[in-house]
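Structure first, commentary second.
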Amino acid sequence: MRKIVSFLVAALFILGASTVSMAGPRGINSRQHREQQRINQGIRSGELTRHEARRLEAGLLRIRREERRATSDGYLSPRERARLHRELNRESRAIYRQTHDGQDRNP
């Protein structure tokens, strides 16, 4: 009986750990998607100029490349995940600043 219980506990632990490790990139991908939507909204509303939008999209592309490089070994370490989140936070602030800076595409 003890062997069965310990086996079930070990199996649950392994499944839980694999679920947590797989959830990381999806969280980052969804954030990247939301940031791209914010850029698109800024373009549609005219709050972003062409130059601002290009620069912001280049920032997102740089983050995607970093993510690809970080996950090339099949694992996203906590340090790599934290770095990607820091970069996404920086990009999010840049999007906010550019959409609220008073420069419009159609003055």
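The values are calculated or read from the model by the stated rules, or taken from the named source; none is laboratory data. A quick note: this is a predicted structure, and the numbers were derived from the prediction, not measured. Positions of Cβ are backbone-derived with ideal geometry, glycine not excepted, and every protein chain shown enters the neighbour counts. For accessibility, only protein heavy atoms count, side chains too; no ligands or nucleic acids. Shrake-Rupley method; radii C 1.70, N 1.55, O 1.52, S 1.80 Å.
Tabulated values for the structure
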read-out	value
Candidate residues Arg90, Arg38, Arg44, Arg81: accessible-area rank, largest first, probe 1.4 Å	Arg44, Arg90, Arg38, Arg81
Rounded accessible area of Leu61 (nearest 10 Å², 1.4 Å probe)	70 Å²
Shape category assigned to region 21-81 from the gyration tensor of Cα positions, a/c cut at 1.5	prolate
Stretch gain in nm, segment Arg93-Phe13, where the contour uses 0.36 nm per residue and the Cα spacing is subtracted	25.1 nm
Label point distance in nm, Ser45-Arg2, each placed 7 Å from Cα along Cα→Cβ	6.4 nm
Accessible-area ranking of Arg69, Arg55, largest first, probe 1.4 Å	Arg69, Arg55
Whole-percent carbon and sulfur share, accessible surface of the chain, 1.4 Å	57 percent
Alpha carbon centroid spacing (whole Å) that separates region 79-93 from region 31-78	11 Å
Rounded, prolate or oblate (a/c below 1.5 giving rounded, otherwise prolate when a/b exceeds b/c) for the chain by Cα gyration tensor	prolate
